[in-house]
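Structure first, commentary second.
Bear in mind that the values in this text are calculations on the coordinates, not laboratory data. From a predicted model like this one, the values you see are computed outputs, not experimental measurements. When we count neighbours, we look across all protein chains shown, and the Cβ atoms used for this are built from the backbone with ideal geometry, even at glycine.
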Amino acid sequence: MPLLSSRRSDSIEITPLGDSALIVRVHDKVENAREDSANEVLGAMGRIEEAKIAGIVELAPAYATIGVFFDPGKVIASGIEPDLVSKWLSDKIHEALSQRRRHKADVRLIEVPACFDSEFAVDLERVASVSERPTSEVVDHYCAAEYRVACIGFTPGFPYLVGLPKELTTPRRATPRTEIPAGSVAIGGNQTGVYPLPSPGGWNVIGRTPLRLFDPTKDPPAFLRPGDKVRFRAVTRDEFERSTS
Amino acid sequence: MTATIIRAGFLTTIQDLGRIGSRQFGVSVGGALDTHALRVANLLVGNDETAAGIEMTLGGSQLRFADERTVAWCGGGFDVRVPAGHAAMMSAGEELIFNQPKTGCRSWLAISGGIDVPLVLKSRSTDLRASFGGFVGRALRDGDELSLGKRRRSQTAATEKISSWSASHDWSSTAKAEPVLRVLRGADWDRFDASAHHALTSGAFIVSPDSNRMGARLEGPELRRNDDVDLVSEAVAPGTIQVPPNGQPIVLLGDCQTIGGYPKIAHVITVDLPVAAQLRAGDRVSFREVSLAQAHRLLADRERDFNCFKTGLSLRQ
């Protein structure tokens, strides 16, 4: 039985994700997907939201794709035949994506304070050794770069950041740690991120932020969102302690 | 008034139909791993179908009711003096025990008035990994007292101790001795070779003890890929069957992460998620491919039947 997958000349590809979701792929070149797609994905998300398509429950962006979650029951109740649900929804999404965006969201530039004190940077030596540079240079290079949030996932509020200077690429640890403290700034391969909550993980921990990146009592609960530009600002241990008191 | 958890059991949590609208923040949907079972149980006791209930795993749970309540439960083959799918009247001080199930592993108990815990990100479900929601963000423990919502007037007018009528057997008792999950091909189906396709749809897998609310890990024939391209993470859903490098599939369940980078070979259809929610270590599970159209027709039929059931109940209450 063939997989229903629709593709138009604008190179948007829509594929089912089970019977209650679709994956909308907005970027053709998967290999570059991590770097270039944030704008396209945000634009596409905005257009799908503005179209207010009946039956769509929520959207979940990730790198070059958007997961569109829907309620087939609602679509069928609105009069669409069960056999035509996915096709109807795909068509509606293609139509929405061909529209001009009415409102464009601003790109935010967020500064994230980070303390690279040795107690918070258990893997900094490892990163320094792999890059064949002193730890002070690693921190300088890390903070000089401008990152982009490509995806929020893995745990609530966890930002996958692209833009890591190539020389700081460090493979994941062979044995993941059972608990990485909340706020930990880490490098995994050519990506970097911050653990909002304590969790197991295999990335290389190089620092810690006093910022609370996830708070379920806030709206929105995640401090960062896809498309945000991020810079890290090195702070002293004193400043870190003052921020968290 | 309250219900006291005298014995919590193996893993007991407050769940509703899940946390919708926060996937984009990396928040798992969670909720009852069989939302349909909870909806049915809620209707049986006169609650709104979205009310929070109690999910119990592998038994050992004992509850006591401080005041008169209607209760109902659906799910696995638990040994309970109130049969699955029936509404029952609990008097003030009465206790209810869920012993170890013979088949399946989870059940969902609804209590008239619903479990009264705060909404967090629009849901009363417990997010165990991130420790929020439900009963102060954790599994229930011996001695916990649950606040219950106000009973609706219609809920107090029952005449039988245990209702003679009930929800259908299919909806009330969802564990199968030899579970078969109907699946759709996933986006990465063609990344796997013919032997993998054959193994998935004709073979059988054993549920590993290393399974939990995030997913059921399966052991069986190795599902081999044609390529070794490093995939970029994208959204996944409960029911998604991922295949990590060791070739052993994982059926994702409600607490799964919002995105994943492992290839998605197939997806369990929504109407079979209740069967997936009962998978227990040692169970022998197999898969059968169906079409998207069939999956939607089955879902449409179930929702139509559910609406009839809802109407029928409202005439009684």
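Below, the figures for the structure above:
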{"read-out": "Where N is the number of residues in chain B, Cα Rg divided by 2.2 N^0.38 Å", "value": "1.00"}
{"read-out": "Where labels lie 7 Å past Cα in the beta-carbon direction, separation of A:E167 and A:S11 in nm", "value": "3.3 nm"}
{"read-out": "Translational D in µm²/s for the stretch A:78-132 (Stokes-Einstein at 10 °C, 1.306 mPa s, Kirkwood Rh from C-alpha pairs)", "value": "92 µm²/s"}
{"read-out": "Kirkwood Rh, Cα atoms: Rg over Rh of the stretch B:22-67", "value": "1.06"}
{"read-out": "Within a Gaussian network of chain A (alpha carbon springs, distance under 10 Å), most fluctuating of A:V122, A:V149, A:V24", "value": "A:V122"}
{"read-out": "If the convex hull is drawn through the Cα atoms of the stretch B:38-143, its volume per residue in Å³", "value": "98 Å³"}
{"read-out": "Charged-residue dipole, Cβ positions (Lys, Arg, Asp, Glu), the stretch A:63-156 about Cα centre, Debye nearest 20", "value": "760 debye"}
{"read-out": "Local electrostatic count at B:F309 - Lys and Arg +1, Asp and Glu -1, tallied over other residues with Cβ under 15 Å", "value": "-1"}
{"read-out": "Theoretical gain in end-to-end length, B:R141 to B:A194 [0.36 nm per residue, Cα-Cα removed]", "value": "14.3 nm"}
{"read-out": "Of B:N307, B:A293, B:A266, farthest towards positive along the dipole that unit charges on Lys, Arg, Asp, Glu beta carbons give the stretch B:205-310", "value": "B:N307"}
{"read-out": "Nitroxide proxy distance, nm - points 7 Å out along Cα→Cβ at A:C143 and A:N39", "value": "3.0 nm"}
{"read-out": "Cut-off under 5 Å, modelled amide H: who pairs with A:G18 long-range", "value": "none"}
{"read-out": "Dimensions in Å of the stretch B:198-281 - Rg and Dmax from alpha carbons", "value": "12.2, 34"}
{"read-out": "Dipole-positive endmost among A:G202, B:S208, B:F10 within the protein assembly as shown (Cβ charges, Cα centre)", "value": "B:F10"}
{"read-out": "Nitroxide proxy distance, nm - points 7 Å out along Cα→Cβ at A:L84 and B:A177", "value": "4.4 nm"}
{"read-out": "Residues B:E160 and A:T244, FRET efficiency given R0 of 41 Å [Cβ-Cβ distance, rounded to 0.05]", "value": "0.10"}
{"read-out": "For A:W203, B:W108, B:W73, B:W189, order by how many other beta-carbon atoms lie within 10 Å, fewest first", "value": "B:W189, A:W203, B:W108, B:W73"}
{"read-out": "Sites matching GluC sites (Glu not before Pro) across the stretch B:143-241 that sit in DSSP coil, with at most 16 neighbouring C-beta atoms within 10 Å", "value": "B:E160, B:E222"}
{"read-out": "Taking the convex hull of Cα positions in the protein assembly as shown, its mean projected area over all directions (nm²)", "value": "26.0 nm²"}
{"read-out": "Nonlocal amide H pairs with B:E289, under 5 Å, H built at 1.01 Å", "value": "B:V183"}
{"read-out": "Relative contact order of the stretch B:143-282, defined on C-alpha pairs under 8 angstrom at six or more residues apart (%)", "value": "29 percent"}
{"read-out": "For A:70-76, mean number of other protein chain Cβ atoms within 10 Å", "value": "4"}
{"read-out": "Per residue Cα convex hull volume in Å³ - calculated over the stretch A:127-191", "value": "99 Å³"}
{"read-out": "Cα lying deepest toward the dipole's positive end in the stretch A:163-231, options A:P165, A:G193, A:P226, charges on Cβ", "value": "A:P165"}
{"read-out": "Total charge dipole magnitude, the protein assembly as shown, about the Cα centre, Cβ charges on Lys, Arg, Asp, Glu only, Debye to nearest 20", "value": "1000 debye"}
{"read-out": "Per principal axis, descending, Cα span of chain A in whole Å", "value": "62, 36, 35"}
{"read-out": "For a label point 7 Å along the Cα-to-beta-carbon line of A:S136, residues of the stretch A:212-237 with backbone N under 17 Å", "value": "A:234-237"}
{"read-out": "Sites B:I6 and A:D106, calculated FRET efficiency, Cβ-Cβ separation with R0 51 Å, nearest 0.05", "value": "0.40"}
{"read-out": "Longest site-free stretch - chain A; sites: GluC sites (Glu not before Pro), DSSP loop, at most 11 other Cβ within 10 Å", "value": "A:1-118"}
